[in-house]
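The values are calculated or read from the model by the stated rules, or taken from the named source; none is laboratory data. All figures in this text were calculated on a predicted structure; none of them were measured in a lab. Backbone-built Cβ (ideal geometry, glycine too); neighbour counts: all protein chains shown.
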Amino acid sequence: MSKKITALTGNEAVAYAIKQINPDVMAAYPITPQTALVQKFSEYVADGLVDTEFITVESEHSAMSACVGAAAAGGRVMTATSANGLALMFEIVYIAASNRLPIVMSVVNRALSAPINIHCDHSDTMGARDSGWIQLYSENAQEAYDNTIQAIRIAEHMEVRLPVMVMQDGFITSHGIDCVEFIDDEKVTKFIGKYQPRYPLLDVNHPVTYGPLDLYDYYFEHKRQQAEAIKKSQKVVVEVGNEFKQISGREYGLFEEYHLSDAERAIVALSSTAGTAKQVVDELRAKGEKVGLLKLRLFRPFPYQEIIQALSHLKAIAILDRSDSFGGFGGPLFTEIRSALLESEKIPQNVNYIYGLGGRDINQVDITSIYADLENIVKKGKVEERIKYLGVRE
């Protein structure tokens with residue numbers, strides 16, 4: 001039977017998922033607000049509740065290096081980090097993806113320095129969006145738990161064999177108390193299955209090499225193979241989500257449409273902000289306003305065709321970015337969606353809101369004001385200010 005734990009943080013939920021997965025190796029280094037996640041898992045290791053080889057390292061760069069070595073050797077490998085820790089891993093993050101190693105990493109989103117800040121925004125993982133990792137974003141602790149389990153299946157699929165990042169919002173989700181429904185250990189074990197390594201270094205009968213020099217004679221072809229693999233992963237994400245529903249009763253796809261099918265105005269958002277937006281949608285719907293929400297779950301690979309289908313009927317959309325692309329034209333999510341909509345015969349009016357940097361709160365009043373702005377855009381038939389900064393003292 002599944003069981004509910006009421007007093008549980010997002011970090012504890014993910015740590016429990018990792019306990020159920022029972023990876024061969026976990027290498028990690030503490031960094032706020034991820035520290036409690038790995039600390040909790042280390043307790044499972046110390047208590048003998050898992051068989052995991054837990055490697056304590058001197059930095060996040062070393063953590064990902066150890067993960068790469070363990071995965072290349074043929075192990076099921078996991079890790080976790082945040083912000084500056086992810087940035088310090090950056091070199092090895094690319095190597096993990098380029099070597100097609102199915103490592104799963106929990107990333108507790110936090111702002112990048114400087115000035116130093118330990119609270120949530122998405123600048124860390126958005127900075128790694130083109131590293132070749134699959135990226136899944138979570139609205140709450142339940143989704144962080146569920147996505148972590150699904151990530152194992154996605155990463156290890158033979159048509160994919162790529163690493164996966166599973167995100168949750170620092171402090172908002174990672175330290176907030178939530179109600180999480182766990183799946184039975186036996187069901188999780190059966191769902192993820194026995195790990196099948198591919199080209200392991202320890203298979204002495206079939207010797208291979210990792211990380212050779214790869215110049216212009218082959219490098220381009222290897223990158224093309226990598227691009228094809230992450231493209232194929234989109235289908236796998238959907239398939240795994242459908243299978244996960246059979247053991248959990250919870251449905252997962254590329255994104256969630258909330259009162260979107262008949263909406264005229266909508267917001268697109270990632271992670272915990274979507275929960276706030278849902279409350280506002282319900283309130284405005286009760287007043288007769290046709291508003292909706294698209295909560296994106298899969299950001300890499302970016303499901304542009306499906307997003308076009310979901311959004312093209314709208315009159316106006318607001319795309320919310322919890323990170324900035326300095327010198328670019330809007331935030332990362334905005335540029336992806338705006339670019340995708342160019343493939344549509346009908347392009348809704350669209351505007352970008354950059355918000356919540358360094359953990360600044362976004363509340364129901366803020367979300368309500370965005371829907372009001374969209375209403376004015378629909379009435380005027382044009383966007384007067386394309387890129388806006390929400391909640392900043394000008």
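Listed by position, the helices (runs of 4 or more DSSP H) inside the range 184-301 whose residues that are crowded, with 20+ Cβ neighbours inside 10 Å, in contact (Cβ under 8 Å) with a residue 60 or more places away in the chain and not hydroxyl-bearing (Ser, Thr, Tyr) number at least 3 are 219-248, 273-286. Evaluate the following for residue 345: is it over 27 Å from residue 155 (Cα atoms), at pLDDT below 95 and not aliphatic (A, V, I, L, M)? For residue 345, the condition - over 27 Å from residue 155 (Cα atoms), at pLDDT below 95 and not aliphatic (A, V, I, L, M) - is met. Within the bounds of the range 152-163, is there any residue that is surrounded by fewer than 24 Cβ atoms within 10 Å (Cβ to Cβ) and under 24 Å from residue 356 (Cβ atoms)? No; the residues of the range 152-163 include none that is surrounded by fewer than 24 Cβ atoms within 10 Å (Cβ to Cβ) and under 24 Å from residue 356 (Cβ atoms). When each of 173, 148 is tested for being of a type outside the set (Lys, Arg) and assigned to a helix (DSSP H, G or I), the lone residue that passes is 148. With respect to the stated conditions, residue 110 is touching a helix residue (DSSP H, G or I) at 6+ places or on another chain (Cβ under 6 Å), farther than 19 Å from residue 70 by Cα and basic (Lys, Arg). Apart from one condition, residue 235 fits all of (1) more than 30 Å from residue 332 (Cα to Cα); (2) modelled with pLDDT of 95 or more; (3) not hydrophobic (A, V, I, L, M, F, W, C); the exception is (1). With respect to being within 27 Å of residue 305 (Cβ to Cβ), within 18 Å of the chain's Cα centre (by Cα) and not basic (Lys, Arg), residue 359 falls outside the description.
Inside the range 309-361, residues that are in a helix (DSSP H, G or I) and either surrounded by 18 or more Cβ atoms within 10 Å (Cβ to Cβ) or in contact (Cβ under 8 Å) with a residue 12 or more places away in the chain (or both) make up a count of 14.
Kindly evaluate residue 45 against the criterion of being touching a Ser or Thr at 6+ places or on another chain (Cβ under 8 Å), without any contact (Cβ under 8 Å) to a residue 60 or more places away in the chain and surrounded by fewer than 24 Cβ atoms within 10 Å (Cβ to Cβ). Considered against the rule, which asks whether it is touching a Ser or Thr at 6+ places or on another chain (Cβ under 8 Å), without any contact (Cβ under 8 Å) to a residue 60 or more places away in the chain and surrounded by fewer than 24 Cβ atoms within 10 Å (Cβ to Cβ), residue 45 comes out as yes.
Of all the listed residues (36, 13, 63), the sole one being modelled with pLDDT of 95 or more and in contact with a His (Cβ under 8 Å, 6 or more places away or on another chain) is 36. The residues in the range 153-204 that are farther than 30 Å from residue 269 by Cα and not acidic (Asp, Glu) can be counted, and the count is 15.
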